[in-house]
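Chemist: Input: one structure, supplied below.
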Amino acid sequence: MSLSLLHLLSLALLQLCFHTAPQSTTPAGPKTTTLTTGFIDFPTTVEVLESARPRSLVVEFRVQSADPLPVVEIASLTPDIGAFETPIINPANTYNIFVVQIVLKDSLDYEAVRLHSVRLALVTAAGRVEQTFHVQVIDVNEPPQCQPLFQLPGAEVQVPEGLPVPLLVYNAVALDPDENDTLSFSITQVQPDASKGQFTIDGSGGIISNQHFDYQNGPREFVVSVLVRDRQGANCSGTVRISVLRVFIPPLEFLLSPQNVSIFENGGAGDVVASVRANSTASDMRYTFVNSYPPYKIGREDGIIRTAFNLDLESNQALEHSVLLVRAFSVSEGRHGTATVTVTVLDVNEHAPFCVPPIFVLTVPETTEIGKSLGTVRCGDIDVSNHKVSLTLLDNDASLYKFRLQDDQLQVNGTLDYDNAGIATGGFQYEATILASDSGTPPLTVIIPILVTVTPVNEFDPQFLGPFEIVVPENTRRGSVVGTVSAVDADWRFDSLRYSIPGGDALFSIDPVGGQLYLKESLDFEAKQMYRLGLQAVDFDQDVDPSVQRTGAVEITIRVQNVNDNPPVCDPVSYESTIFSTRSATLPILSLSCTDADGDVLSATITNGAAVDRFQMNRLTLSSRNAFSYVPGAVYDHTMFEVTIAVSDGKYITDVVAYIYVVPWTTTVPTTTTTTTPRPPQVVTVVEEFWEPDLWFVVVMTVAGALFLLCLSLLIWWILIWTSICVAPEQGMSENLLKNDLNNEHLDKLGNQDVAIENYQLSVDGALSQSEESVQKSLMRFDGKAADPVSGRSYLFNSNTGERRWL
């Protein structure tokens, strides 16, 4: 640090006294930025209620494009039902950013389509980019739909009086648009109010009258209001107007007409079956069975037939049909007659079906083929007449269309996919239900649960994603990340991968988890510009057998980006040329032979003293600026010029020295140029590591250094005034320096300051004290050039004797 400070002070002193010109630098070029084109904040899945109206906003996102008029269009739609409008695109507040809106064109129906897949394409002048998102339709409960006539103005029913009860008067019809929803029916109002208990309604909407209709003694018109409600509370309503019709019964002359009576089983003992009456007003009319019928009994005085015990068809199927002969007689009138009553006992649906097996619990691989049987369902019913059993398969959302029933067999109907995030949340289990229903009214059902657990199968190879070319600057440090590769695997869990380089690589390594590529050794663009690297991705834990693994491979290209890291090389580093003073300024004196390993364009600048005004550089060619003057007794220019030339590639500088000998000439004889090639020089290159501080630190240190140099310069100036060091430097020092110009021992003692004074003196005096021949012989002693590691100055040296000459 002290040597550098001393060097700065020396340079400042020389500039103060002798006005030395500073060297120029070349700034670095601007950086360029490449704008990418694509989707921003693009969703993968959007949820929309099925109640959303047309022109409703489905999704909004942004795109980035350098094109002022980009186009976003729907490339494909699954299913293709035209549910969405053409995408709307508007500019955003940010440059090259556009806002895209997708809106509904028509209403959505959850029961028809539950998932829409929309693939969008961003079309610009630079190309086409596509991206896909999914619209998930969310189910919204819809109210039941009652029969239009039932709702308004209301159904009308005419019922004859005297019909047996219970009597089904009307069946209300209603449908629910929602799947797997059930409806409940209830009577909200009956007019007249006194008849409210006469009517009931069953689960299927049947309105039943529990009392006889009597035209003479009872109401002749009823209004029943019915409310239909689903499980979520949505409802519809309607009314039934019941009109009672009068029935004329002609008087019987002791006539016993046959009766057909139907009763339900399990009515209990004493259940009324029928009533037999003779057309007679005799008070002693009596009734009895002609034969013995143990299941029934009849009242002697009223002729009412009742059950003697509980009738159960499952215990005695012979009770299903009975023909009863009833005799009516009057002792007082001496008349009798026989009536026939046919009794049919109706089966009551009291036993639910039974099935084998009662539940399916299975474990199958995800590759189970479609049509494979998972088991057979066998069902029965012990009821006499309701023994026919029908099977219905009920799916949930996850198992929709995954199973089917074929001839009582449970079969696979769709792919049992294990590689799905939705099925993963359910423990990789598909659930469904078989509903077994008998033929009774109302039907009785039994539920057979289906639980199918799917095991994983490693089906898919890992697939690498682009890009497959990486550009790495050649000055990238060892251990740095030069790029990242990624692969995808469609097997669950998705992307469970390990990355590797088969056989390893001496220059690169890869993170087995993240896919980051690391640089192990330094790169050199001048040695090799491209590498091909084979990569491998192996999946794991994606099969029941851990040893089953799949492999994906890819070959990527790594290109080395050239960086300016080599200084220009000039051979030779010193030149000699003799010209006549009459040589034209437009003719070149000599051309430098310099190359750059990085292929950068080289420029040359003259850097020493008066030679800056005397000569000029045209790229790497040296020429004079104006004619020389050699008038005896008047202006007399130098006959030898030492020109230091800085050759730069924009970052590094290499110094070259040229010695130009001018022969005074007063004629127009053309000048000649002689180029002498010295022994190959030895170039000593000192590599210095430097520290690049922050900008604020540079500013602070620059200001502080300037103040310090100003104070130091004032102090030296004050000392020189008092000691008279700067008085007539031309007379005191120049004569000794010119006499000992090529004396190496004297140059070593004088150091850098004496050489600077010597150069200044040569450019001012206009005359040389040495002959051209002695200077040439002196310069030929030096066969190499090097730079001082402390001061940075260049010098020539003799590799045999160790002599040197400062430039």
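The values are calculated or read from the model by the stated rules, or taken from the named source; none is laboratory data. Model, not experiment: these values are computed from the prediction. Positions of Cβ are generated from backbone atoms using ideal geometry, with glycine treated the same way; all protein chains shown enter the neighbour counts.
Chemist: For the range 583-662, which strands (runs of 3 or more DSSP E) that fit wholly inside it have 1 or more residues that are assigned by TED's automatic domain parsing to the domain that holds residue 523 and over 30 Å from residue 564 (Cα atoms)?
Modeler: The strands (runs of 3 or more DSSP E) meeting that bar number zero.
Chemist: In the range 505-556, which residue that is out of contact with any Ser or Thr (no Cβ under 9 Å at 6 or more places or on another chain) and of a type in the set (Phe, Trp, Tyr) is farthest from residue 466 (Cα to Cα)?
Modeler: 525
Chemist: From the list 110, 170, which one is among the hydroxyl-bearing types (Ser, Thr, Tyr) and in a loop (DSSP other than H, G, I, E, B)?
Modeler: Only one candidate qualifies: 110.
Per-residue answers, yes or no, for (1) part of a strand (DSSP E or B); (2) hydrophobic (A, V, I, L, M, F, W, C):
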| residue | (1), (2) |
| --- | --- |
| 274 | yes, yes |
| 278 | no, yes |
| 302 | no, no |
| 314 | no, no |
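Chemist: Looking at (1) surrounded by 15 or more Cβ atoms within 10 Å (Cβ to Cβ); (2) under 30 Å from residue 171 (Cβ atoms), which one does residue 99 not meet, given that it meets all the others?
Modeler: Checking residue 99 against (1) surrounded by 15 or more Cβ atoms within 10 Å (Cβ to Cβ); (2) under 30 Å from residue 171 (Cβ atoms), the one that fails is (2).
Chemist: For residue 443, work out the one condition from (1) farther than 30 Å from residue 208 by Cα; (2) surrounded by 14 or more Cβ atoms within 10 Å (Cβ to Cβ) it doesn't fulfil.
Modeler: Residue 443 satisfies all of (1) farther than 30 Å from residue 208 by Cα; (2) surrounded by 14 or more Cβ atoms within 10 Å (Cβ to Cβ) except (1).
Chemist: Then there's this: Could you look through the range 278-331, keep only residues that are touching a strand residue (DSSP E or B) at 6+ places or on another chain (Cβ under 7 Å) and among the polar types (S, T, N, Q), and pick out the one that is nearest to residue 386 (Cα to Cα)?
Modeler: It comes out as 322.
Chemist: Further, regarding this structure: Among the residues of the range 45-54, is any acidic (Asp, Glu), within 30 Å of residue 179 (Cβ to Cβ), touching a strand residue (DSSP E or B) at 6+ places or on another chain (Cβ under 6 Å) and at pLDDT below 85?
Modeler: Yes, the range 45-54 contains at least one residue that is acidic (Asp, Glu), within 30 Å of residue 179 (Cβ to Cβ), touching a strand residue (DSSP E or B) at 6+ places or on another chain (Cβ under 6 Å) and at pLDDT below 85.
Chemist: Hey, does the range 451-460 have a residue that's without any contact (Cβ under 8 Å) to a residue 24 or more places away in the chain, in the same structural domain as residue 387 (by TED's automatic domain parsing) and not basic (Lys, Arg)?
Modeler: Scanning the range 451-460, I find no residue that is without any contact (Cβ under 8 Å) to a residue 24 or more places away in the chain, in the same structural domain as residue 387 (by TED's automatic domain parsing) and not basic (Lys, Arg), so the answer is no.
Chemist: Same structure again: Hey, any hits in the range 527-537 for a residue that's modelled with pLDDT under 90 and on the phi > 0 side of the Ramachandran plot?
Modeler: Checked against the condition, which is being modelled with pLDDT under 90 and on the phi > 0 side of the Ramachandran plot, the range 527-537 yields no hits at all.
Chemist: Within the range 509-531, identify whether any single residue is part of a strand (DSSP E or B), surrounded by 15 or more Cβ atoms within 10 Å (Cβ to Cβ) and without any contact (Cβ under 8 Å) to a residue 24 or more places away in the chain, and answer yes or no.
Modeler: Yes, the conditions are met somewhere in the range 509-531.
Chemist: So residue 214 fits all but one of (1) out of contact with any strand residue (DSSP E or B) (no Cβ under 6 Å at 6 or more places or on another chain); (2) closer than 26 Å to residue 231 by Cα; (3) among the acidic types (Asp, Glu); what number is the exception?
Modeler: Going through the list (1) out of contact with any strand residue (DSSP E or B) (no Cβ under 6 Å at 6 or more places or on another chain); (2) closer than 26 Å to residue 231 by Cα; (3) among the acidic types (Asp, Glu), residue 214 breaks only (2).
Chemist: Starting from the range 172-192, keep only residues that are closer than 24 Å to residue 221 by Cβ, then list their pairs with residues that are aliphatic (A, V, I, L, M) and not in a strand (DSSP E or B) whose Cβ atoms are within a distance under 8 Å, requiring at least 6 positions of separation or different chains.
Modeler: That search, which allows pairs on different chains as well, returns 185/172.
Chemist: Moving to a separate point now. Just name the residue that is nearest to residue 413 (Cα to Cα) out of those in the range 361-390 that are more than 39 Å from the chain's Cα centre (by Cα) and assigned to a strand (DSSP E or B).
Modeler: 373
Chemist: Still on this structure: Somewhere in the range 114-126, is a residue at pLDDT below 85 and within 21 Å of residue 177 (Cα to Cα)?
Modeler: yes
Chemist: Among residues belonging to the range 325-353 that are in a loop (DSSP other than H, G, I, E, B) and small (Gly, Ala, Ser), point out the one that is modelled with the highest pLDDT.
Modeler: 352
Chemist: Sticking with this one: Of all residues in the range 155-166, how many are within 14 Å of residue 221 (Cα to Cα) and assigned to a loop (DSSP other than H, G, I, E, B)?
Modeler: The qualifying residues number 1.
Chemist: Let me ask you something else. Among the candidates 579, 558, which residue alone is closer than 30 Å to residue 660 by Cβ and in contact (Cβ under 8 Å) with a residue 60 or more places away in the chain?
Modeler: 579
Chemist: Now a separate question. Scan the range 676-697 and tell me whether some residue there is farther than 30 Å from residue 568 by Cα, outside any strand (DSSP E or B), at pLDDT below 80 and of a type in the set (Ser, Thr, Tyr).
Modeler: no
Chemist: For residue 340, work out the one condition from (1) among the β-branched types (Val, Ile, Thr); (2) under 17 Å from residue 409 (Cα atoms); (3) in the same structural domain as residue 274 (by TED's automatic domain parsing) it doesn't fulfil.
Modeler: Unmet for residue 340, out of (1) among the β-branched types (Val, Ile, Thr); (2) under 17 Å from residue 409 (Cα atoms); (3) in the same structural domain as residue 274 (by TED's automatic domain parsing): (2).
Chemist: Taking the conditions exactly as written (small (Gly, Ala, Ser), closer than 30 Å to residue 327 by Cβ, in a loop (DSSP other than H, G, I, E, B) and modelled with pLDDT of 80 or more), does residue 270 satisfy them or not?
Modeler: yes
Chemist: Out of the residues in the range 186-230 meeting the condition of being of a type in the set (Asp, Glu) and over 15 Å from residue 159 (Cα atoms), tell me which one is surrounded by the most Cβ atoms within 10 Å (Cβ to Cβ).
Modeler: 230
Chemist: Would you point out the residue of the range 354-377, among those that are at pLDDT 90 or above and of a type in the set (D, E, K, R), that is surrounded by the fewest Cβ atoms within 10 Å (Cβ to Cβ)?
Modeler: That would be 369.
Chemist: May I pose another question? Could you go through the range 183-198 and let me know if any residue there is among the hydrophobic types (A, V, I, L, M, F, W, C) and closer than 16 Å to residue 213 by Cβ.
Modeler: yes
Chemist: If you scan the range 549-571, which residues turn out to be outside any loop (DSSP other than H, G, I, E, B) and more than 30 Å from residue 367 (Cβ to Cβ)?
Modeler: 555, 556, 557, 558, 559, 560, 561, 569, 570
Chemist: Kindly indicate whether residue 546 is surrounded by 15 or more Cβ atoms within 10 Å (Cβ to Cβ) and in a loop (DSSP other than H, G, I, E, B).
Modeler: Judged against the criteria, residue 546 is not a match.
Chemist: For residues in the range 70-82 being at pLDDT 85 or above and part of a loop (DSSP other than H, G, I, E, B), which is surrounded by the most Cβ atoms within 10 Å (Cβ to Cβ)?
Modeler: Per the stated criteria, the residue is 70.
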